[in-house]
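The values are calculated or read from the model by the stated rules, or taken from the named source; none is laboratory data. Every value quoted in this text rests on a predicted model; they were computed, and no experiment measured them. A quick note on method: Cβ atoms are made from the backbone with ideal geometry, for glycine too, and the neighbour counts reach across all protein chains shown.
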Amino acid sequence: MTTPTPSPASPASADTASLAVDMRSIVKAWPGVVANDHVNFEVRRGEIHALVGENGAGKTTLMNILYGLIRRDAGDIFVNGKLAHIQGPRDAIALGIGMVHQHFMLIPVLTVGENIVLGREPTTAGDIYDAARVRQEIGELSRRYGLTLNPDDKMGDLPVGLQQRAEIVKVLYRGAEILIMDEPTGVLTPQETTELFHVLRGLRAGGKTIIFISHKLKEVLDISDRITVMRRGKVVGHLITATTTEQEIARLMVGRDVLLRVDKAPANPGPVALAVEGLTAASDSNVPALRGVSFEVRQGEILGIAGVEGNGQSELIEVLAGTRKASSGRVLLGGKEITNLSARAIRSRGISHIPEDRRGAGLVLNYSVADNLVLGRQRSARFAWNGFVLMLNAILAWAKRLIAEFDIRTPTPETRARALSGGNQQKIIVAREMASEPLVLLASQPTRGVDIGAIEFIHRRIVAQRDHGVAVLLVSAELDEIRSLSDRIAVMYEGRIVSFEAAETPEERLGLLMTGGGRADAAASKVAG
């Protein structure tokens, strides 16, 4: 049940002595944008408190203010009942606040121990690095909180779940009593998420206070004690986890009812559109990334690729999109070989690509929305005379149509892409790639980092593409997304397809396959669905 939102002028709870964090009437604005509009945010000692909201709701700004990465324009912060003067991360750390960032702040070539103590290295009397003391202190922290780590392991050799443990130990080593966890499960398998939640509950039992930022509502309900919901820079609800639902949280976040499941009819697959045979390719560091990958995607179906990130999914999509060369094997589009053609040639033959890195590979952020909506096709006859002179009126008309059709929320078509929220930036890419009427759609992490409203919209559009006969190859780190969107699932591990599974395969089995367990006999895993 939603409890009343407090007035901006007063804290939500009269019992301020029990609060670890009490942020009152926080204001932060940039030209044209009010990120935090008199926000009140309270976290009790020894609780796991979830902070949720759409992209652009202001939650990250609020936490960056608490950690000292951004300075507020107005408002007060109390930590453990005392007025706090936080001018930077050093002040926050001194107050016992630590932040585990979504993108780990770790150095791969250093050991676990060296990463954890970096900047606070213990030394012997001769100012020599005291490795024995590092092992002892990290060992004590690991045992106390159930965070098993070997201080001598090289960080770059560890799976992502253990790297995250190292990040947590790092903030604990600096004396953190209040931990801010920013999208901590974004790259974890279900098993690693379960292990993380066991750790977080152990930290809570040990008296730590945790602020948990996530867009995964099932996880919010699983791990948190209370929830604060933000929308458009304001707090719109305070919820008690035990008495609320996904639907209620989503409604507060978006301001309307949200469809939390993918509504789709059974697939009606046609002929094979895309065939991949024995594909091999190297990574950027010239080590094998794809090791004989074979599969088929038919017209009118969605084939989902499940796997822990770093097991060849990115390289596979890049080879199929023409941005990475295959060292052997074949790629056939409608029976015709397109192996190692250029990205432009592949695009012209009917393959569209939603890249996993929207800011780095999907958009030119300083270009306008309109220019980004024709990117890659700006020299076509539709938008350029003789392939050289851009027809600006045609580009503008095209942009206005897609802005309306795909609900891209932008002040004007001429607005720079970097001025839009992450969800609207993603909609630009989705609109551009789907509007080209492709034969095959490569959708890599299509909803990464976008809010629940945009996720709902993008999912509907992907299903609509399938229903219009497009062959969709979906890569996602989100197992819920893979299971709900896919008609078939292929599991990748260490550069190979280790199993083909039905869409209704239990999450636990998929997670096991993704980490190399329960591997099916490759000879028994047939490409045909």
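Could you figure out which of (1) within 25 Å of ARG344 (Cβ to Cβ); (2) touching a strand residue (DSSP E or B) at 6+ places or on another chain (Cβ under 8 Å) isn't true of ALA394?
Every condition holds for ALA394 apart from (2).
State the number of residues belonging to the stretch 185-227 that are among the hydroxyl-bearing types (Ser, Thr, Tyr) and touching a residue at least 40 places away in the same chain (Cβ under 8 Å).
4
At least 1 residues that are at pLDDT 95 or above, farther than 30 Å from ASP157 by Cα and over 22 Å from the mean Cα position of the chain (by Cα) in each: list the strands (runs of 3 or more DSSP E) lying fully within the stretch 431-516 that qualify.
Details: elements: 440-444, 471-475, 488-493, 496-502.
Answer list for the stretch 431-516: 440-444, 471-475, 488-493.
What's the number of the only condition in (1) within 16 Å of VAL21 (Cα to Cα); (2) modelled with pLDDT under 90; (3) not in a helix (DSSP H, G or I) that THR60 fails to meet?
Status for THR60: all satisfied but (3).
Going residue by residue through the stretch 104-113, is there one that turns out to be touching a Pro at 6+ places or on another chain (Cβ under 6 Å), in a loop (DSSP other than H, G, I, E, B) and not hydroxyl-bearing (Ser, Thr, Tyr)?
The answer is no, given that none of the residues of the stretch 104-113 is touching a Pro at 6+ places or on another chain (Cβ under 6 Å), in a loop (DSSP other than H, G, I, E, B) and not hydroxyl-bearing (Ser, Thr, Tyr).
When only residues in the stretch 284-315 that are in contact with a Lys or Arg (Cβ under 9 Å, 6 or more places away or on another chain), assigned to a loop (DSSP other than H, G, I, E, B) and of a type in the set (Gly, Ala, Ser) count, which is modelled with the lowest pLDDT?
This residue is GLY312.
Any chance you could count how many residues in the stretch 285-334 are on the phi > 0 side of the Ramachandran plot and either free of Cβ contacts under 8 Å to residues at least 12 places away in the same chain or among the aliphatic types (A, V, I, L, M) (or both)?
1
Determine whether LEU363 is surrounded by 19 or more Cβ atoms within 10 Å (Cβ to Cβ) and over 28 Å from PRO269 (Cα atoms). Full working, then the answer.
Values: surrounded by 19 or more Cβ atoms within 10 Å (Cβ to Cβ): yes; over 28 Å from PRO269 (Cα atoms): yes.
Yes.
Please find, within the stretch 334-375, the residue that is nearest to GLN445 (Cα to Cα) out of those that are assigned to a loop (DSSP other than H, G, I, E, B) and within 22 Å of the chain's Cα centre (by Cα). Step through it out loud before you land on a result.
The first filter runs over the stretch 334-375 and keeps only residues assigned to a loop (DSSP other than H, G, I, E, B), leaving 334-335, 338-342, 349-350, 355-357, 363-367, 374-375.
Imposing the further condition that a residue be within 22 Å of the chain's Cα centre (by Cα) reduces the set to 355-357, 363-365.
Details: PRO355: 7, GLU356: 5, ASP357: 8, LEU363: 15, VAL364: 19, LEU365: 19 Å.
Within the stretch 334-375, the match that is nearest to GLN445 (Cα to Cα) is GLU356.
Cβ-Cβ distance below 8 Å, separation of 6 or more or different chains: which pairs start in the stretch 365-386 with a residue that is more than 18 Å from ARG409 (Cβ to Cβ) and end on one that is among the aromatic types (Phe, Trp, Tyr)?
VAL374/PHE383; VAL374/TRP398; LEU375/TYR367; ARG377/PHE383; ARG379/PHE388; ARG382/TRP398; PHE383/TRP398
Among the residues of the stretch 490-502 satisfying the criterion of being surrounded by 19 or more Cβ atoms within 10 Å (Cβ to Cβ) and among the aliphatic types (A, V, I, L, M), which is nearest to PRO266 (Cα to Cα)?
ALA490
Among the candidates ALA131, ALA125, ALA94, ALA50, single out the residue that is hydrophobic (A, V, I, L, M, F, W, C), farther than 30 Å from ASN150 by Cβ and out of contact with any Cys (no Cβ under 7 Å at 6 or more places or on another chain).
Being hydrophobic (A, V, I, L, M, F, W, C), farther than 30 Å from ASN150 by Cβ and out of contact with any Cys (no Cβ under 7 Å at 6 or more places or on another chain) holds for just one of ALA131, ALA125, ALA94, ALA50, which is ALA50.
For (1) surrounded by fewer than 18 Cβ atoms within 10 Å (Cβ to Cβ); (2) out of contact with any Phe, Trp or Tyr (no Cβ under 7 Å at 6 or more places or on another chain), each residue gets a yes or a no:
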site: GLU167; (1), (2): no, no
site: VAL171; (1), (2): no, yes
site: ALA176; (1), (2): no, yes
site: LEU188; (1), (2): no, yes
site: THR193; (1), (2): no, yes
site: ILE210; (1), (2): no, yes
site: HIS215; (1), (2): no, yes
site: LEU221; (1), (2): yes, yes
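Name the one entry in VAL276, VAL199 that is more than 20 Å from GLY453 (Cβ to Cβ), in a helix (DSSP H, G or I) and aliphatic (A, V, I, L, M).
It is VAL199.
Across the stretch 135-165, what is the total count of residues that are outside any helix (DSSP H, G or I) and crowded, with 18+ Cβ neighbours inside 10 Å?
Within the stretch 135-165, residues that are outside any helix (DSSP H, G or I) and crowded, with 18+ Cβ neighbours inside 10 Å number 4.
Filter the stretch 233-261 for residues that are part of a loop (DSSP other than H, G, I, E, B) and touching an Asp or Glu at 6+ places or on another chain (Cβ under 8 Å) and give the result.
Correct list: GLY233, VAL258, LEU259, LEU260.
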